[in-house]
Amino acid sequence: MDLFQIAFAFSLGFASAATPCVLPIVPSYLAFVFGSERFDLLKGSMSVYLGVLVGGMAIAAAIGLVGEVIGGRWFLGASASIISLIIIDKVFTHRLRGIPTGFMKGKRGTIAGFLFGMLIMLIAAPCILPLLAALSIYALTVGELAARFAIMMAYSAGLGLPFFLIGASAGVGKKLVGISKWSEKLQVAVLLVTLGWILWSLAIA
C-alpha cells in the first residue's frame, strides 16, 4: 500500500473540512451541543471525530465495493446525478440540507455529537462533495479492495481532525464565523465546476 496515497487522501479530507461553509459552523455546533467548558468541548469533539470515522468506514466500504460490482463509469454517472440534485436544491428548493439533521434537532451530548459526525458527509455534502468525489473516482482506479478502503478511511480521518482541533482550542470560534458570509455562492460555483469535470470524465471513459 502506497503511503503517499494515504497521506494525500488525509490531506484532502482535512482540506474538505477547512472549506468556508464547514469550518465556521464547527465552533458554534460544538458549543451548542457540549457547552463552553474546556473539558466538555474536548470530550465532545472527540465523540464527533469518532463519529466521522465510523461514518467514513461505511462510505469507504461502499466505495471499495463499487469498483467490484458496478465499475467506475456507473459511479461517475451516479456522482453527476447527485451533484446535479444538490445544485438544484442550493439554487431553488433549499430542502435537502436539513434532512440528515432533522431528527437530531435540539439534541445535545456525546451521542448527538457522535451521530453528527457519522452524518457529516451528508450534512456538509455541498462543501465536501467535490474533493470527496474526486478522491472516490481516484480510489476506483486502485486495483485492491483493501487499498480503496484505506484511502477512503484516510480521507475520513483528515475530515474529522479539524473538529477535534477546534474543540481543543480556546477562542478560535469567533475568528472563523466571518468567513462563511460568501460561502453559498462559492459552493454553487465549485459544484458546477465539479459537475463539468465529472461529465467530461464520463464522456471520455
- line: Within the range 23-55, the count of residues that are at negative phi, surrounded by fewer than 23 Cβ atoms within 10 Å (Cβ to Cβ), at pLDDT below 80 and out of contact with any Phe, Trp or Tyr (no Cβ under 9 Å at 6 or more places or on another chain) comes to 11
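Keeping to the range 56-81, report how many residues are at pLDDT 75 or above and surrounded by fewer than 22 Cβ atoms within 10 Å (Cβ to Cβ).
As a first pass, look at the range 56-81 and keep what is at pLDDT 75 or above: 56-62, 77, 80-81.
Among the residues that remain, those that are also surrounded by fewer than 22 Cβ atoms within 10 Å (Cβ to Cβ) are: 57-59, 61-62, 77, 80-81.
The number of residues fulfilling the criteria is 8.
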- line: Only unsatisfied item for Pro100, checking (1) modelled with pLDDT under 80; (2) in a helix (DSSP H, G or I); (3) out of contact with any Ser or Thr (no Cβ under 9 Å at 6 or more places or on another chain), is (2)
message: If a residue must be closer than 8 Å to Ala154 by Cβ, small (Gly, Ala, Ser) and surrounded by 19 or more Cβ atoms within 10 Å (Cβ to Cβ), how many such residues does the range 1-19 contain?
response: 2
message: Given (1) part of a helix (DSSP H, G or I); (2) modelled with pLDDT under 75; (3) surrounded by fewer than 16 Cβ atoms within 10 Å (Cβ to Cβ); (4) of a type in the set (S, T, N, Q), identify the lone condition not met by Ser84.
response: (2)
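The values are calculated or read from the model by the stated rules, or taken from the named source; none is laboratory data. The shown structure was predicted, so the numbers you read here are calculated from the model rather than taken from an experiment. Neighbour counts are summed over all protein chains in view; Cβ atoms, including those assigned to glycine, are modelled from backbone coordinates with ideal geometry.
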